[in-house]
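Notes follow the structure.
We did not get these values from a lab; they are worked out from the coordinates using the rules stated. These numbers were taken from a predicted model, which means no experiment stands behind them. Cβ sites come from the backbone with ideal geometry, for glycine too, and all protein chains shown count toward neighbours.
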Amino acid sequence: MSTLPDPRVVAAVRALEAERLESEARPALRVAIVAANTFEHDSRLLRTARALAGDGHDVTVLAFEAPGLPARESLGDRIELRRLSVDRRVVSVFRPLPEPVRARLAGLLGFEPAAMSLPPSSPRGFERVRAPIRRLVEIGAHQWRVGPWSDAVVSAVPDADVFHCKALVALPVIAAAAERTGSRFVYDLADLHTEAARLARMPRLVRSLVRRREARWVRRAALLTAVSDGVASEAARRFHVGRPVVVLNCPPAWRPEDPEPPRSDRLRRATAIGPKRPIVLYQGGFSVDRGIEELIAALEHEPLRALDAAVVLLGYGRLADRLRAEAARRPGRLFVLDAVPPSELLEWTASADLGYVGQPARTLNQRLNLANKLFESIMAGVPVLVSDGTEHCRLVSADALGACTPIEPAAIARAAAALLGRSPEERDALRRHCRTVALDRYTWERQQGALVSAYRRLAAEVARPAAPEETASQPAESRVGGSPRLRDVPAAGRTVRRRLHVPSLRRRAGS
């Protein structure tokens with residue numbers, strides 16, 4: 001006598017088969033992600049690449065070449081990394097002048113001829129005159145680089161359907177590449193760049209000119225994404241576009257099978273910090289206006305001295321040499337470690353007692369942004385200290401993940417000591433709470449759904465035949481991410497070539 005199959009098993013098998021057929025029927029894209037770095041530490045773009053590849057798209061990441069790094073790497077199924085040769089020196093702006101003349105001009109302006117970015121400085125005296133000129137020269141070098149960089153991008157991936165970037169300096173590159181190949185581009189607003197870092201301190205006229213150019217590119221984008229709700233709302237207001245898709249900077253769920261806070265001694269082994277001394281960790285980029293200098297100064301204040309706390313800076317960037325000099329003046333109390341691969345980072349983070357996010361609310365970008373390090377810290381079960389008056393503070397206060405403080409040395413010392421000075425039971429409970437909130441709400445698995453869905457809509461737009469009468473002046477409601485559908489015929493009347501992933505379209509047609 002035959003046994004009838006369990007209806008639940010049949011339903012599950014049918015659901016899986018339906019999902020497989022639906023996946024095969026979707027058009028796939030060739031996506032070129034253009035990184036404005038060497039792609040050693042860019043966790044957001046790496047997660048983006050993996051999410052898109054996991055949904056069936058073919059992804060090529062295009063980064064800059066660097067000594068000791070391979071020209072090509074496989075980053076997993078459907079993801080290839082290529083490093084391009086692009087002249088990134090600031091003196092490139094002085095072309096076609098001979099190299100000796102360019103080197104002389106660099107010396108007159110106070111930077112090395114081989115420099116790819118300006119050195120950190122606190123302008124005084126004559127430097128107050130040279131500093132803004134240097135910055136204008138650096139901006140000019142970025143502008144000069146667009147042509148050669150976009151040439152290299154198009155040469156590497158001439159058949160891309162979509163170009164994707166998150167850096168303002170790469171935005172004109174992908175816009176030019178998309179125009180030349182008849183494809184589209186996606187802009188990820190990881191920052192409000194004209195309101196961030198050194199650009200925020202440039203003269204109002206310079207910032208206004210850069211903003212206008214950015215606005216023109218943003219409005220041409222086929223899709224916009226943003227790093228936080230605040231950045232998305234500001235971008236929609238500022239650029240007069242539909243609200244970008246919000247994709248928070250969360251890491252993948254780490255060790256989800258064990259919700260208890262992971263334990264690690266990576267930092268202590270690397271620094272020889274004793275087991276009873278509390279560790280305050282800053283991880284990420286070493287650059288100005290992150291609150292790093294204030295954290296170092298906080299070590300000299302009594303609350304942290306009384307606890308014999310140590311500060312560890314784990315990362316990379318233009319301030320690295322200066323920070324190492326500060327550590328040499330504070331032996332045993334301040335440590336500077338090189339950045340570690342993203343795949344190992346949380347193991348190091350978990351060995352801290354407090355994560356210092358910093359990000360003082362000095363610019364609009366810092367007030368609205370949400371940094372990787374916040375979500376990485378709580379995923380590792382480490383409470384965080386963030387700046388007052390920011391989106392970080394709003395989130396940390398709402399979810400009770402640590403404390404907010406003015407980014408001022410005495411205030412940082414008091415706030416850090418208040419968290420580190422709790423009883424062991426209270427600290428363990430807070431670590432467990434941070435870990436629970438991270439696994440429940442702030443994982444990349446939750447965030448990538450919005451990105452994947454947006455790209456599916458974009459792929460459907462690319463696959464749909466263009467109507468002859470459709471133009472770039474379509475109303476806002478027909479736009480993807482607040483931008484016109486770029487399958488339209490451009491104003492110049494040039495025919496747009498439509499590039500589709502042929503295997504996926506064959507599957508769709510049943511061939």
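Observations, loosely collected:
- Charge context of Val336, other residues only, Cβ under 9 angstrom, K/R +1, D/E -1: -1
- For the stretch 266-441, a crude dipole built from +1 on the beta carbon of Lys and Arg and -1 on the beta carbon of Asp and Glu, taken about the Cα centre, is about 280 debye to the nearest 20.
- In plain terms, the residue of Lys166, Lys276 with the fewest other Cβ atoms within 10 Å comes first and the most crowded comes last, giving Lys276, Lys166.
- Neighbourhood charge, 13 Å Cβ-Cβ cut-off, centred on Ala310 and excluding it, Lys, Arg +1 and Asp, Glu -1: +4
- Inter-label distance, nm, simple model (7 Å from Cα along the C-beta direction), Ser85/Arg277: 4.8 nm
- Simple rule: put +1 on each Lys or Arg Cβ and -1 on each Asp or Glu Cβ in the stretch 28-246, find the dipole, and look at Val93, Ala51, Ser208; the Cα lying farthest toward the positive end is Ser208.
- Between the C-alpha center of the stretch 89-106 and that of the stretch 283-317 there is a gap of 38 Å.
- Overall form of the stretch 28-246: oblate. Here a/c, set by the Cα gyration tensor axes a ≥ b ≥ c, is 1.5 or more, and a/b is not larger than b/c.
- The relative contact order of the stretch 28-246, computed from alpha carbon pairs under 8 Å that lie at least 6 residues apart in sequence, is 16 percent.
- Sorted ascending by nearby beta carbons within 10 Å, beginning with the fewest, Met379, Met202 become Met202, Met379.
- Ranking of Glu257, Glu214 by neighbouring Cβ atoms within 10 Å, starting from the fewest: Glu257, Glu214.
- Anisotropy class of the stretch 266-441 from Cα gyration tensor, a/c 1.5 cut: rounded
- Distances between placed amide hydrogens fall under 5 Å for Phe64 paired with Asn37, Thr38, Phe39, Leu84, all partners being 5 or more residues away or on another chain.
- Taking other residues whose beta carbon is less than 10 angstrom from the beta carbon of Val384, and scoring Lys, Arg as +1 and Asp, Glu as -1, yields 0.
- Taking a ≥ b ≥ c as the square roots of the Cα gyration tensor eigenvalues, the stretch 232-327 comes out oblate, since a/c reaches at least 1.5 and a/b does not exceed b/c.
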